[in-house]
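Okay, so here's the structure we're looking at.
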Amino acid sequence: MDYYQTDLSQLHDDLVNKKISARELTKETFEHIKANEDDIKAFITLNEDAALKQAADIDQAGIAADQLVSGVPLAVKDNILTKGLKTTAASKMLENFNPVYDATVVEKLKAAGYINVGKTNLDEFAMGSSTENSAFFTTHNPWDLTRVPGGSSGGSAAAVAAGYVLGALGTDTGGSIRMPASFNGVVGMKPTYGRVSRWGIIAFGSSFDQVGWLTRTVKDNAYLTALIAGNDEHDTTSSLQAVPDWAANLNENTSVKGMKIAVPKEYYEDLNDDVKKVVKAALDHFESLGATVDEVSLPHTKYGVPAYYILASSEASSNLQRYDGIRYGFRAPDAKNLEEVYVKTRSEGFGEEVKRRIMLGTFSLSAGFYDAYFNKAAKVRRLIAQDFDKVFNDYDLIIGATGATTAFKIGAEIDDPKAMYMNDILTVPVNMAGLPAMSVPAGFSDKTGMPVGLQIIGKRFDEQSIYNAGYVFEQTTDCHKQAPKLGGQN
């Protein structure tokens with residue numbers, strides 16, 4: 001099975017018509033993973049025995065015509081709880097944690113008959129932009145094994161780009177789906193905050209985190225997102241908004257003619273020339289398809305990264321208090337009293353980046369500094385949201401680059417936290433405002449040969465316009481048809 005040459009709809013037809021069985025498909029998937037995983041390192045845990053058994057059961061029961069993912073192998077980021085399958089958040093703190101319940105998104109996928117092939121690597125507790133902060137190993141970009149896959153959902157993006165699966169779940173706190181999608185030449189959607197339940201997601205920044213998909217195609221992404229979206233009684237932040245059938249509206253009649261697209265001048269200021277060239281060509285293409293493209297301003301963009309890292313780190317310092325060596329997870333073996341249990345467990349169990357953000361967040365929330373830092377950052381968040389609201393009064397979409405650069409070399413930025421944080425300058429404003437946004441493959445850098453992503457941002461709960469624009473762009477270009485040559489340079 002060549003996942004580069006198919007999609008969910010075609011794969012479903014093949015399974016229903018018995019051109020391939022679910023067990024054969026799952027077996028071939030694992031063979032492909034194991035043949036390349038020494039190089040890519042996308043997975044922390046594989047689920048082979050359980051997946052093959054489940055596939056055999058599905059074959060015996062048969063696949064209903066309306067169950068598009070039944071028997072289809074997919075992957076799950078390892079900060080999403082999976083009952084009976086180890087969930088580590090790529091941290092020593094949870095190295096042997098075995099959840100007793102499934103996240104809501106996993107429950108929904110199980111009900112639809114998906115096959116979980118395994119848990120993908122990430123930056124520890126989703127804190128990072130390169131997957132180099134994993135406590136276990138660094139994932140490599142399938143397009144160039146010397147480069148990062150982005151983060152924190154780097155394992156999920158690499159798994160899709162490498163052709164292991166058609167889709168992998170990720171989480172996005174400040175760009176952690178979209179940036180890996182850009183670096184790996186795949187589609188990555190962060191839905192509107194509240195569109196998808198966060199129940200069973202290991203929390204980083206609770207007012208920012210959102211679950212979404214990395215896929216090979218826009219239509220597959222639309223279908224899979226609808227499958228996991230909707231209100232959840234376990235999550236009070238999940239929305240009551242009805243979930244449209246986005247994929248049903250993606251067809252030969254889908255058009256961007258008459259669509260008004262805004263291009264923030266701030267999103268051009270720091271782009272590498274090779275990235276800027278690809279983005280300009282993409283915007284010209286939208287104009288050729290009948291869309292109107294105008295330059296606008298989002299003046300508070302430059303404050304997004306510092307404000308985000310204060311707010312998200314503050315939430316992280318609160319969320320990570322639960323890892324204390326008492327109830328579950330890692331406990332320092334040589335602690336002599338209760339205070340040492342806390343201090344040694346957290347010192348030894350957390351990696352450097354996680355500890356850095358806990359300290360930053362705790363400082364920002366401390367007496368005497370709350371007003372100077374946290375409160376001001378919260379005000380900036382409101383200003384950023386207002387910037388978006390003003391533009392969306394007159395425009396349907398905002399489009400620009402997903403990242404200012406293509407994937408950088410492994411080790412190039414890991415010792416420079418400020419440089420690493422600035423990779424998110426074009427993605428964090430979306431999370432600050434709770435908006436939906438998707439990265440789609442837009443082309444390749446002349447300089448590095450690596451993929452360049454185009455970020456499409458929409459109004460709250462208007463994922464349909466994003467999918468429409470992404471689908472039309474995809475169907476009228478060919479960059480998404482390119483595939484990495486695994487094991488070699490591209």
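The values are calculated or read from the model by the stated rules, or taken from the named source; none is laboratory data. None of the values given here were measured: they were computed from a predicted structure. Every residue, glycine as well, gets a Cβ built from its backbone with ideal geometry; the counts of neighbours run over all protein chains shown. Protein only, heavy atoms only, side chains kept; ligands, DNA and RNA dropped before computing areas. Shrake-Rupley method; radii C 1.70, N 1.55, O 1.52, S 1.80 Å.
Assorted remarks:
- Pairs, first at pLDDT 95 or above and open to solvent by less than 20 Å² (accessible area, probe 1.4 Å) in region 269-281, second aromatic (Phe, Trp, Tyr) and in a helix (DSSP H, G or I), C-beta under 9 Å, six or more apart: Val279/Tyr267
- Residue match in region 394-410 (condition: part of a helix (DSSP H, G or I), touching a residue at least 60 places away in the same chain (Cβ under 8 Å), among the aromatic types (Phe, Trp, Tyr) and in contact with a Ser or Thr (Cβ under 8 Å, 6 or more places away or on another chain)): no
- Residue tally, condition surrounded by fewer than 24 Cβ atoms within 10 Å (Cβ to Cβ), charged (D, E, K, R) and in contact (Cβ under 8 Å) with a residue 60 or more places away in the chain, over region 108-149: 4
Condition check ((1) outside any strand (DSSP E or B); (2) more than 22 Å from Asp2 (Cα to Cα); (3) open to solvent by 10 Å² or more (accessible area, probe 1.4 Å)) across all residues:
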position: Gly151; (1), (2), (3): yes, yes, no
position: Gly155; (1), (2), (3): yes, no, no
position: Ala158; (1), (2), (3): yes, no, no
position: Val165; (1), (2), (3): yes, no, no
position: Ala168; (1), (2), (3): no, no, no
position: Thr171; (1), (2), (3): no, yes, no
position: Gly174; (1), (2), (3): yes, yes, no
position: Met179; (1), (2), (3): yes, yes, no
position: Met189; (1), (2), (3): no, yes, no
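- Filtered by the rule that a residue be in contact (Cβ under 8 Å) with a residue 60 or more places away in the chain and either farther than 17 Å from Leu122 by Cβ or in contact with a strand residue (DSSP E or B) (Cβ under 7 Å, 6 or more places away or on another chain) (or both), region 34-47 gives Asn36, Asp39, Ala42, Phe43, Ile44, Thr45, Leu46, Asn47.
- In region 337-349, the residues that are within 23 Å of Phe136 (Cα to Cα) reach residues that are of a type in the set (Phe, Trp, Tyr) and surrounded by 14 or more Cβ atoms within 10 Å (Cβ to Cβ) with C-beta atoms within less than 6 angstrom, at least six apart or across chains, in these pairs: Gly349/Phe330.
- Lone unmet requirement of (1) in contact with a helix residue (DSSP H, G or I) (Cβ under 8 Å, 6 or more places away or on another chain); (2) within 23 Å of Lys219 (Cβ to Cβ); (3) open to solvent by less than 20 Å² (accessible area, probe 1.4 Å) for Thr87: (2)
- Where Thr254 falls short, out of the listed (1) modelled with pLDDT of 95 or more; (2) part of a loop (DSSP other than H, G, I, E, B); (3) open to solvent by 10 Å² or more (accessible area, probe 1.4 Å); (4) within 26 Å of Ile384 (Cα to Cα): (4)
- When we screen Ala335, Ala385 for residues that are over 23 Å from Ile456 (Cβ atoms) and either surrounded by fewer than 18 Cβ atoms within 10 Å (Cβ to Cβ) or of a type in the set (Phe, Trp, Tyr) (or both), the only hit is Ala335.
- Tally, over region 1-33, of residues that are in contact (Cβ under 8 Å) with a residue 60 or more places away in the chain and under 23 Å from Gly113 (Cβ atoms): 14
- Within region 416-490, helices (runs of 4 or more DSSP H) holding 1 or more residues that are in contact with a strand residue (DSSP E or B) (Cβ under 9 Å, 6 or more places away or on another chain): 428-433, 463-475
- Contacts under 6 angstrom Cβ, first residue in region 221-239 being under 18 Å from Asn249 (Cα atoms), partner modelled with pLDDT under 95 and assigned to a loop (DSSP other than H, G, I, E, B), 6 or more apart: none
- Considered as a group, the residues in region 22-35 that are open to solvent by less than 30 Å² (accessible area, probe 1.4 Å) and of a type outside the set (A, V, I, L, M, F, W, C) include one that is nearest to the chain's Cα centre (by Cα), and that residue is Thr29.
- Taking the conditions (1) under 21 Å from Lys83 (Cβ atoms); (2) surrounded by 24 or more Cβ atoms within 10 Å (Cβ to Cβ) in turn, Asp232 satisfies each one other than (2).
- Scan of region 408-446 for residues that are touching a His at 6+ places or on another chain (Cβ under 8 Å) and either open to solvent by 30 Å² or more (accessible area, probe 1.4 Å) or more than 23 Å from Ile456 (Cβ to Cβ) (or both), ordered by number: Ile410
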